[in-house]
Amino acid sequence: MKSSFLKKLENAKLLFISGGNTFYLLQELKRKNLLSLIFKQINQGLPFIGESAGAIILAPNIEYNKIMDNTELAPELIDYCSLGITNFYTLPHYIEFPFIETVQKTLTAYQAKLNLVPISNSEVIIMNDTSYEILK
């Protein structure tokens, strides 16, 4: 029998995942076997809102966020593969205290390797099937 949470997720009209430690979030989504269901729901048109870590998990992999978030909070996470919904890597909190230094270090370390999309706390990435735009 499916849990009531899974039934609610399957019947949701919108999915919102907030911020926090990205590695812990991914660990728990994997531990509870929710990644494939979330992936399926989004690809079938379920509107998704991700805030900070909730946006980062849309990328193919979250390893780039090691500078901002502590991986030790997710001791059971054995790989950093995530949802892979986007072909870019959201970098939230751009030019926002207290993340100014960690975001800049992430940009320096990964901007030549990954398609990073830095956004401030007052910006949002709006996606459609083939593109995205950043709105203030």
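The values are calculated or read from the model by the stated rules, or taken from the named source; none is laboratory data. These figures come from a predicted structure and were not determined experimentally. Here Cβ is always computed from backbone atoms with ideal geometry, including for glycine, and neighbour counts include all displayed protein chains.
Taking the condition at positive phi and at pLDDT below 95, does G84 pass?
no
Give me the pairs: first residue in region 117-128 and free of Cβ contacts under 8 Å to residues at least 24 places away in the same chain and on the phi < 0 side of the Ramachandran plot, second residue surrounded by 13 or more Cβ atoms within 10 Å (Cβ to Cβ) and hydroxyl-bearing (S, T, Y), beta-carbon distance under 7 Å, and six or more apart or on different chains, which are they?
Once the first residue is free of Cβ contacts under 8 Å to residues at least 24 places away in the same chain and on the phi < 0 side of the Ramachandran plot and sits in region 117-128, its partners that are surrounded by 13 or more Cβ atoms within 10 Å (Cβ to Cβ) and hydroxyl-bearing (S, T, Y) give I126/Y132.
Pick from P98, P47: which is under 25 Å from A12 (Cβ atoms) and of a type outside the set (K, R)?
P47
For the structure I just gave you, tell me whether A59 is under 20 Å from A112 (Cα atoms), small (G, A, S), modelled with pLDDT of 95 or more and crowded, with 20+ Cβ neighbours inside 10 Å.
It is true that A59 is under 20 Å from A112 (Cα atoms), small (G, A, S), modelled with pLDDT of 95 or more and crowded, with 20+ Cβ neighbours inside 10 Å.
Of I125, I49, I85, I95, which residue is under 27 Å from K30 (Cβ atoms) and assigned to a loop (DSSP other than H, G, I, E, B)?
I85
Within region 52-78, which residues are β-branched (V, I, T), part of a loop (DSSP other than H, G, I, E, B) and over 19 Å from S120 (Cα atoms)?
Correct list: I78 only.
Restricting to region 29-42, name every residue that is in contact (Cβ under 8 Å) with a residue 40 or more places away in the chain and either under 22 Å from N128 (Cβ atoms) or of a type in the set (D, E, K, R) (or both).
Answer for region 29-42, where residues must be in contact (Cβ under 8 Å) with a residue 40 or more places away in the chain and either under 22 Å from N128 (Cβ atoms) or of a type in the set (D, E, K, R) (or both): K30, R31, I38, F39, I42.
Which of the residues that make up region 32-46 are aliphatic (A, V, I, L, M) and either in a loop (DSSP other than H, G, I, E, B) or closer than 19 Å to T108 by Cβ (or both)?
Selection gives L34, L46.
Residues V117, V103: which one is within 17 Å of the chain's Cα centre (by Cα), of a type in the set (V, I, T) and in a helix (DSSP H, G or I)?
V103
Can you pull out every residue in region 41-64 that is touching a Pro at 6+ places or on another chain (Cβ under 9 Å) and either among the β-branched types (V, I, T) or more than 28 Å from K7 (Cα to Cα) (or both)?
Hit for region 41-64 is I56, nothing else.
Name the residues in region 12-27 that are loosely packed, with under 15 Cβ neighbours inside 10 Å and either touching a residue at least 40 places away in the same chain (Cβ under 8 Å) or under 26 Å from S120 (Cβ atoms) (or both), would you?
Selection gives L14, F16, S18.
Which one of these is over 15 Å from the mean Cα position of the chain (by Cα) and crowded, with 17+ Cβ neighbours inside 10 Å: Y64, Y110?
Result of the check over Y64, Y110: Y110.
For region 1-31, what are the residues that are polar (S, T, N, Q) and more than 12 Å from the chain's Cα centre (by Cα)?
Result: S3, S4, N11, Q27.
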